[in-house]
1. How tilted is helix A:123-133 with respect to the longest principal axis of chain A? Cα atoms for both, answer in degrees (0 to 90, nearest 10).
2. If each residue of separation counts as 0.36 nm, what is the full-extension length gain between residue A:111 and residue A:75 once their alpha-carbon separation is subtracted?
3. Could you work out how far apart the two model spin labels at residue A:11 and residue A:32 are, taking each label as a point 7 Å from the Cα in the direction of the beta carbon, and quote it in nm?
4. Out of all DSSP beta bridges with both ends in segment A:3-116, state the antiparallel percent to the nearest 5.
5. Measuring from centroid to centroid over Cα atoms, what is the spacing of segment A:106-121 and segment A:1-48 in Å?
6. Compute the distance in nm between two label points, each set 7 Å from the Cα along the Cα-to-Cβ direction, one at residue A:40 and one at residue A:66.
7. Using only alpha carbon positions, build the gyration tensor of chain A, then give the equivalent ellipsoid semi-axes as the square roots of 5 times its eigenvalues, largest first, whole angstrom.
DNA sequence: GCCAACGTTGGC
DNA sequence: GCCAACGTTGGC
């Protein structure tokens, strides 16, 4: 199983809204690297949900409930979405600051490649963030 | 609101 | 196919 982290700006699509919805398709990815990551996601993969801009913290865990398919918001065949459902909220959201301060997490894309909106995480990195958030 | 980082576009 | 110009993202 793979682990991922996705970003969303809270005013656009927040963790709270995601929980109200119970399920969503992850649209709006317009970057090839992020798109390739979406295509690699498998059903059941776990995904950390990060609030960018406002909050700047990892707020919860989601899982992939449907693998990639054509983005319904565009006719452009380049772009795909996956379906995600919330699993649980972190007791204590983990801030970007905490992540940067944690030596074992300084290599993750969230820190190294700030603009990427869908990125893979190693199982150890995923577990570390969960540990920091519990 | 500024600006750095970086991906994309388009002229040559 | 290179690279300058441009646009976007996201931290601060």
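Just so it is clear, none of the values below were taken in a lab; they were calculated from the coordinates. Every value quoted in this text rests on a predicted model; they were computed, and no experiment measured them. Counting neighbours? That spans all protein chains shown, and the Cβs are built from the backbone with ideal geometry, glycine included.
1. 60
2. Values: separation 36, 0.36 × 36 = 12.96 nm, distance 3.27 nm.
Answer, rounded to one decimal: 9.7 nm.
3. Output for this residue pair reads 3.2 nm.
4. 75
5. Rounded to whole Å, the Cα centres lie 14 Å apart.
6. According to this spin-label approximation, the distance is 2.4 nm.
7. Largest first, chain A gives 23, 16, 14 Å.
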